[in-house]
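Asker: My questions all concern the structure below.
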Amino acid sequence: MVPAGSLDDVTWKAHKGGKQVLKTFSITDIGKKRKLNQDYVFTSQEPIGNLSNVFIVADGMGGHKAGDYASKYTVETIVAEIQRSFEKNPVKILGKAIEIANAHIRTKSREDESLEGMGTTVVAATLMGKYLQVANVGDSRLYVVNEEIKQITRDHSLVEEMVRMGGICREEARNHPDKNIITRAIGVSDKVEVDFFSVELKPGDIILMCSDGLTNMLEDEEIQMILRDSNDLEGKAGELVKKANNNGGKDNIAVILIEPFA
């Protein structure tokens, strides 16, 4: 992994090239406990604006249908802003699109009482050759899996902050009663802070983007084991959802899998 935002315009031009050959599969599932599916995914292997491809997971929050509205509307706004952007640098493209989506969600929640308090996480990614650019707000995650499983994004959650400060260990965090309290999300304040990550990929890597409905039900080692088996991407994604539901399925589940060197 290289420092956030280090993929400059020169690198971007060098790796833009033609259409990238890759395999993808995405799925959402309502889980075992929820009455609504507030997770939303978007994938495009075709160029959108100046990005060669786009992948997004959003996990909505809010009462009644506000959560599913927030996730869907946010993703649609991000995609539309990417399409119309004249920027070249993917950090600037994704960052501006997320900022505009945040502003739109804030406006909608003020205009419609039924949408008050809505918000959503967002993790978005684009591939350019062997480079992966990631933008993240909230606790939905992106992993790169090969011989090991590596979480690229960092959760914006109260419990994660406690771990970083040394207040609790990673094992305690997994079952902490406050683990679902997030510290950043789209729509909760007028300004949104976005984290960016740049990753250099290698052959054999599998990219996993997911909501916490998956990671709260499966240990990282279980995820790695499933992704390293012989199934195709559809089979791997199906097994992830199945295991999450077998382990309780307490939340909606969203999964995007990408093989960048198919």
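Asker: Karplus couplings for segment 203-219 from phi (6.51 cos²θ - 1.76 cosθ + 1.60, θ = phi - 60°), rounded to Hz, Gly and Pro as x?
Answerer: x, x, 5, 10, 9, 10, 10, 7, 8, 6, x, 8, 6, 6, 9, 10, 6
Asker: Cut-off is 10 Å between beta-carbons; in what order do T126, T43, T107 appear when sorted fewest neighbours first?
Answerer: Working: T126 26, T43 18, T107 11.
Ascending Cβ contact count within 10 Å gives the list T107, T43, T126.
Asker: Okay, next question. Could you list K236, K191 in order of exposure, starting from the residue whose Cβ has the fewest other Cβ atoms within 10 Å?
Answerer: On the way: K236 23, K191 8.
By the 10 Å Cβ count, ascending: K191, K236.
Asker: Which of rounded, prolate or oblate describes segment 31-132 when judged by the alpha-carbon gyration tensor and an a/c cut-off of 1.5? If you can, show how the numbers build up before the last one.
Answerer: On the way: a/c = 3.01, a/b = 1.63, b/c = 1.85.
It is oblate, given that a/c is not under 1.5 and a/b is not larger than b/c.
Asker: Residue by residue, what Karplus-based ³J(HN,Hα) values in Hz, rounded to whole numbers, does segment 59-67 have, using 6.51, -1.76 and 1.60 with θ = phi - 60° and x for Gly and Pro?
Answerer: Each residue's phi maps through the Karplus curve to give 10, x, 9, x, x, 6, 9, 5, x Hz.
Asker: Considering Cα pairs under 8 angstrom that are at least six residues apart, work out the relative contact order of segment 9-259 and quote it in whole percent. Mind showing how you got there, number by number?
Answerer: On the way: 550 pairs, mean separation 63.8, N = 251.
The value is 25 percent.
Asker: Label segment 186-262 by shape, choosing from rounded, prolate and oblate, from the square roots a ≥ b ≥ c of the eigenvalues of the Cα gyration tensor; if a/c is under 1.5 it is rounded, and otherwise prolate applies when a/b is larger than b/c, oblate when it is not. Mind showing how you got there, number by number?
Answerer: Working: a/c = 2.50, a/b = 1.19, b/c = 2.10.
Because a/c hits 1.5 or more and a/b fails to exceed b/c, segment 186-262 counts as oblate.
Asker: I've got another one for you. Kindly identify segment 216-259 as rounded, prolate or oblate by the Cα gyration tensor criterion: order the square roots of the eigenvalues as a ≥ b ≥ c, call it rounded if a/c is under 1.5, otherwise compare a/b with b/c, prolate if a/b is larger, else oblate.
Answerer: On the way: a/c = 1.96, a/b = 1.54, b/c = 1.27.
In terms of gyration-tensor shape, prolate.
Asker: Take F42, F197 and order them by how many other Cβ atoms sit within 10 Å, fewest up front.
Answerer: Values: F42 18, F197 22.
Taking fewest neighbouring Cβ atoms as first place, the list is F42, F197.
Asker: Each residue of segment 81-89 in turn: what ³J(HN,Hα) in whole Hz from Karplus with 6.51, -1.76, 1.60 and θ = phi - 60°, glycine and Pro shown as x?
Answerer: 5, 4, 4, 9, 6, 9, 5, 10, 6
Asker: If packing is taken as the average number of other Cβ atoms within 10 Å across a peptide's residues, how do 27-38, 130-141 rank, most packed first?
Answerer: Details: 27-38: 17.2, 130-141: 24.8.
My ranking of the peptides, most packed first, is 130-141, 27-38.
Asker: Taking the simple approach of a point 7 Å from Cα along Cα-to-Cβ for both R228 and F261, what is their distance in nm?
Answerer: Result: 1.7 nm between the two label points.
Every read-out reported here was derived from the displayed coordinates using simple, explicitly stated rules and does not represent laboratory data. All of these numbers come straight from a predicted model, not from anything done at the bench. Every residue, glycine among them, receives a Cβ derived from its backbone with ideal geometry; neighbour counts consider all protein chains shown.
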